[in-house]
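The values are calculated or read from the model by the stated rules, or taken from the named source; none is laboratory data. These numbers come from a predicted model, not from an experiment. Glycine gets a Cβ as well: all are built from the backbone with ideal geometry, and neighbour counts include every protein chain shown. Note: areas computed on protein heavy atoms with side chains; ligands, DNA, RNA excluded. Shrake-Rupley method; radii C 1.70, N 1.55, O 1.52, S 1.80 Å.
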Amino acid sequence: MLLTVSKRLEFSASRRLFVSRWTDTENMVAFGPETEACHGTGRNYAAYFIFTGPVDPVTGMLINISEMKERAGKIVRERFDHKFLNEDNPAFGNVPPTVDNIARQLYVDVAPLFSHVDAKLVACHLTESPSRSATYYSDGACEGNHWFEFSAARQTRSPRLSRAANKRLFGNADAIHGHNYRARLTFRTESVLRKAPLVRYDDVDHCVKSLHAELDHRHLNKEVATMKDRPMTTESLAGYIYERVNALLPLHRVRLHERDDFFAEIWDDESVFLGMQMPFHAAHRLHATTLSEAENAKLYGKCNNPLGHGHRYLTETTIGGEYDERSGTLYDFLALRNAIKESLQPWQDRHLDLETEDFREVLSTGENIVRGLWPKIDNRINQQLVRLRVWETVNNRFTLRRL
């Protein structure tokens, strides 16, 4: 199992995507119309610094999130926030500040600040807009994400099942209904391309426009000829999008949201995953009985409030397993939702330390919450859980993965 803790920090900056030795046409092909912004254009960025390591049994923490915020925040403020990156940050004197290169530079600048602690920075994820983000990893690999949206109607059913079997499996979703879909295309390289973007603008733009024209405002079962013989499920539709894009560009994976809290993923090794988000509300207090009052106050700050405090926790359960090509499903939607709901119910509207058995002797840190929740869900879904995320706040995320 791999446990990670992520801290989110925001900054605003301007930049121009342009390589001086390239022609205007070459820059346009690589970066798109914004390369014409001669004095730069701006973005509101969100950076996620992702650490892994052992959990301290005394403090219940993998790393002190306040230290992450203080040290990484200093780098962000001094080198990135409210800067014209091309000229104010020397790292971009010779390379364009693409989202891929900024993510890499954030990693390079922040990682040495934590070299003396057990927790290590393993990745930096950077979002620059609703349609673009990138992740740089400690091994030098980099992923670029491109999102696009479309709206479509469908009937969730499989032409390989009888009418009665479709009704039993999909219930009301067998009727005509619609979704506002969001799809994420993820491209990967084992080393960051310093000058050119990970994927050229014109290549991605061509793929997205082609898919949008094919799928947007269509009845997917009836109006997309190449899908008429396929199951019409979220899993199957994600697979179709993967096939269409991968035929033109080497694609690492696709994530397709049919709604904000439910998605399917298809990877280049043909793995299929389903993800579902669900919140719960609870109170807690961070207080280690083996530490003094002063030590607790210093370590946990306002989270040590004697009367406690609370959060709207958000969980994200991702499962894997055998994809049924006949039905087009990985797992029953209602069964997954019920399993998560049942797992969260004992913590819903409770004080975790005072009203549950799970935290009588274990600190209710985010690290321990995600570790405590894992077996509750996994045992209800046939040990198919592959990743579990818990957001304590929009800025603090705890993730457990099956290796």
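Structure notes:
- As a fraction of the 1.4 Å probe accessible area of the chain, surface on carbon and sulfur atoms comes out at 50 percent.
- Binned Cα-Cα distances of region 281-333, short to long, each 5 Å bin given as a whole percent: 4, 16, 16, 11, 8, 7, 7, 7, 8, 8, 5, 2, 0
- A crude spin-label estimate for the pair Thr289 and Arg71, with each label 7 Å from Cα along the Cβ direction, gives 3.2 nm.
- Each Cα pair of region 280-403 feeds into the Kirkwood radius, which the Stokes-Einstein equation turns, at 20 °C and 1.002 mPa s, into a diffusion coefficient of 136 µm²/s.
- Calculated log₁₀ intensity ratio I(q)/I(0) where the Debye formula runs over C-alpha points of region 28-91, q = 0.21, 0.25 Å⁻¹: -0.96, -1.14
- Here Glu190 and Asp260 are evaluated by their C-beta separation; at R0 = 41 Å the FRET efficiency comes out at 0.80.
- The slack between His309 and Val58, meaning 0.36 nm per residue of separation minus the straight C-alpha distance, is 88.3 nm.
- Cα-based equivalent ellipsoid of region 171-258: semi-axis lengths in Å, sorted from largest, via gyration tensor: 28, 13, 11
- Contour minus Cα-Cα distance for Glu270 and Cys38 (0.36 nm per residue): 79.2 nm
- Exposed trypsin sites (Lys or Arg not before Pro) absent - longest run of the chain, DSSP non-H/G/I/E/B, at most 14 other C-beta within 10 Å: 22-193
- Loop-located GluC sites (Glu not before Pro) in region 237-283, at most 10 other Cβ atoms within 10 Å (DSSP): Glu270
- Built amide H within the under 5 Å cut-off of Arg157, gap 5+: Met232
- Using the alpha carbons alone, the radius of gyration of the chain stands to its Kirkwood radius in an Rg to Rh ratio of 1.00.
- 5 angstrom amide H check on Arg132, placed H, neighbours 5+ away: Trp147
- Label point 7 Å beyond Cα of Phe84 along Cβ direction - residues of region 1-30 with amide nitrogen under 16 Å: 13-20
- Evaluated at q = 0.08, 0.15 Å⁻¹: base-10 log I(q)/I(0), Debye formula over Cα of region 74-229: -0.39, -0.86
- Here the Karplus curve 6.51 cos²θ - 1.76 cosθ + 1.60, taken at θ = phi - 60°, turns the phi angles of region 232-247 into couplings of 9, 10, 4, 4, 5, 5, 4, x, 5, 4, 4, 4, 5, 6, 5, 5 Hz, with x standing for Gly and Pro.
- Full-stretch length increase - Ser20, Asn172 - with 0.36 nm per residue and alpha-carbon distance subtracted: 49.0 nm
- Per residue, the chain exposes an accessible area of 47 Å² to a 1.4 Å probe, with every protein chain left in place.
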